[in-house]
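To keep things clear, I will list the structure first and then write my remarks on it.
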Amino acid sequence: MLILVVNAGSSSLKYQLINMDDESVLAKGNCDRIGIDGHISHKTADGRAFDADCTFPTHTEAFEKLVEVLTTGDHAVIKSMDEISAVGHRIVQGAEIFDRPCLVTPEVIDQIDGLAELAPVHNHAHALALRACTAVIPATTPQVVVFDTAFHQTMPPKAYMFGLPYEDYEKYHVRKYGFHGTSHRFVSSALAEAMGKNIEDLKIVSCHLGNGSSITAVNGGKCVDTSMGFTPLDGVLMGTRCGAVDPSAVTFVASKHGFTPDEMSQYMNKKSGFLGVSGVSSDNRDIQEAAKQGNKRAQLASEMLAYEIQKYIGSYTAAMNGVDAVLFTGGIGENSAEIRELVCSGMSWFGIEIDNEINNATRGKLQKISTPDSKVEVWIVPTNEELLIARDTLELISK
Ligand code: AMP
């Protein structure tokens, strides 16, 4: 059974075609520069690649091209879209409306579009892609939406409410939503499996560290708190995002620079984080390289990230009244031995001890990196959001 997974942005449309019989990826690619000019890059599992400039005025033309490359030419992997059993879409913001995956209907698309105010960069683009997909694929092919926020809907009000007037929660839905939920759900259950334990018996701190980073407390398989908030800007220092700062610093800086709300948002989302602190780059590899060369601001950026993660591990241990395992995932979490070591050193009181040799030798694969004596197990768990979207899609259409 084949499932197409779609991850649409405002100017891009990433896709993977997954064979659910063995969960292998048959082909994947990206249509990007939608609304600008257009480009598609496509690769099959057996190494056939296709790259071309195209004309993508809207997501619909990009979807038509995606169908064309999957079904025709040297790089085709299927004969017709009828071979695809369902399409699963990643959706960033489901707010309080969606706490689980659901089948796509015209009303669901309107609801997703209606949440655009809460996720300006993403939700409208998702709605465009959903409408484009509906127009292009056979009407009999079901579509499923899987939400980044859904896993976090189990947080109690004491964790998701802000100390702002309650009326603004009621009127404008201002609260913590949390993001990367699909990833945190995938890796926490993969970790339970690797540990040979039932997830219901585990207290896990899940650290998804990439260009965007979030830390989640998972107690018994359910999210009880998470570091990202109303938007994916809150929490720890990220590639270009500042993470948590005193809100008074925001109003102060905005007035000093004479920024509008949008300009202040750009400043915090695009010019801050690793990039803003180091002045070197938003990319962790560049930061680590510069830090090794003695760049003090790059060293500071790394130390800030590690220190913030340590504090989240500490506070989430308090929130769960214990912790059995800490896991690292995402581009940085899976690959950066330096950041993992900075985080885990100095946490022996918590019962966290890692084996530096194993830590240094491991990149991008499932691996326990804590010592046999470590009270808390520490693991690297590669994430795979597309696979979980495909599994959710399969589960829903099988019902
Ligand atoms: P993601 O957003 O999950 O794709 O992660 C992107 C981040 O992972 C960037 O900051 C990269 O520098 C970082 N990253 C990817 N590969 C490595 C690596 N081999 N070593 C250190 N950092 C890496």
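The values are calculated or read from the model by the stated rules, or taken from the named source; none is laboratory data. This one's a predicted model, so the numbers in the text were calculated from it and none came from an experiment. Glycine also receives a Cβ, built like all others from the backbone with ideal geometry; neighbour counts cover every protein chain displayed.
Of all residues in the range 98-143, exactly one satisfies the criterion of being under 20 Å from Glu385 (Cα atoms), among the β-branched types (Val, Ile, Thr) and in contact (Cβ under 8 Å) with a residue 60 or more places away in the chain, namely Val121.
For the range 40-76, residues that are closer than 22 Å to Val144 by Cα and assigned to a loop (DSSP other than H, G, I, E, B) total 1. The set of residues from the range 289-306 being among the small types (Gly, Ala, Ser) and surrounded by 17 or more Cβ atoms within 10 Å (Cβ to Cβ) comprises Ala290, Ala291, Ala298, Ala301, Ser302, Ala306. The residue pairs whose first member lies in the range 333-347 and is within 16 Å of Glu289 (Cβ to Cβ), whose second member is of a type in the set (A, V, I, L, M, F, W, C) and within 12 Å of the ligand (Cβ to nearest atom), and whose beta carbons are closer than 7 Å, counting only pairs six or more residues apart or on different chains, are Ile339/Leu209; Ile339/Leu305; Ile339/Ile332.
Whenever a residue of the range 183-207 is assigned to a strand (DSSP E or B), its partners that are among the charged types (D, E, K, R), lying with C-beta atoms within less than 8 angstrom and at least six residues away or across chains, give the pairs Lys203/Asp324; Ile204/Asp324. Restricting the search to the range 36-51, which residues are surrounded by fewer than 16 Cβ atoms within 10 Å (Cβ to Cβ) and within 25 Å of His122 (Cα to Cα)? Within the range 36-51, Ile36, Asp37, Ser41 meet the criteria. I'm checking my understanding of the structure. Among residues of the range 348-374 that are more than 16 Å from the ligand (Cβ to nearest atom), in contact with an Asp or Glu (Cβ under 8 Å, 6 or more places away or on another chain) and not polar (S, T, N, Q), which one is farthest from Glu308 (Cα to Cα)? The selected residue is Asp373. Restricting attention to the range 331-386, the residues being surrounded by 16 or more Cβ atoms within 10 Å (Cβ to Cβ), among the aromatic types (Phe, Trp, Tyr) and farther than 30 Å from Lys28 by Cβ number 1. If only residues of the range 116-168 that are over 23 Å from the mean Cα position of the chain (by Cα) and β-branched (Val, Ile, Thr) are counted, the one that is farthest from Val92 (Cα to Cα) is Thr140. As for the range 191-209, it holds no residue that is of a type outside the set (Lys, Arg) and modelled with pLDDT under 95.
Filtered by the rule that a residue be surrounded by fewer than 14 Cβ atoms within 10 Å (Cβ to Cβ) and either within 16 Å of the ligand (Cβ to nearest atom) or hydroxyl-bearing (Ser, Thr, Tyr) (or both), the range 239-270 gives Ser248, Thr251, Ser255, Thr260. Scanning the range 77-122 for residues that are surrounded by fewer than 16 Cβ atoms within 10 Å (Cβ to Cβ) and over 24 Å from Val174 (Cβ atoms) yields a total of 8. Screening Phe63 on (1) modelled with pLDDT under 95; (2) farther than 14 Å from Leu4 by Cβ shows it passes everything except condition (2). Quickly run through the range 307-329 and pick out the residues that are within 12 Å of the ligand (Cβ to nearest atom) and either surrounded by fewer than 24 Cβ atoms within 10 Å (Cβ to Cβ) or among the hydrophobic types (A, V, I, L, M, F, W, C) (or both). Listed by number, the list holds a single entry, Phe328. Mind checking which pairs have a first residue in the range 267-287 that is over 23 Å from Glu334 (Cβ atoms) and a second that is near the ligand (Cβ under 8 Å from one of its atoms), Cβ under 7 Å, 6 or more apart or different chains? Short answer, once both residue conditions are applied: none. Across the range 244-280, the qualifying residues are those that are of a type in the set (D, E, K, R) and modelled with pLDDT under 95, and the one among them that is farthest from Ala301 (Cα to Cα) is Asp262.
Residues in the range 210-228 that are at pLDDT below 95 and more than 11 Å from the ligand (Cβ to nearest atom): 0 in all.
Is it the case that the range 291-299 has a residue that's of a type in the set (A, V, I, L, M) and farther than 24 Å from Ala159 by Cα? Yes, that holds for at least one residue.
Out of all the residues in the range 237-262, which are over 26 Å from Gly210 (Cα atoms), basic (Lys, Arg) and part of a loop (DSSP other than H, G, I, E, B)? Passing the criteria: none in range.
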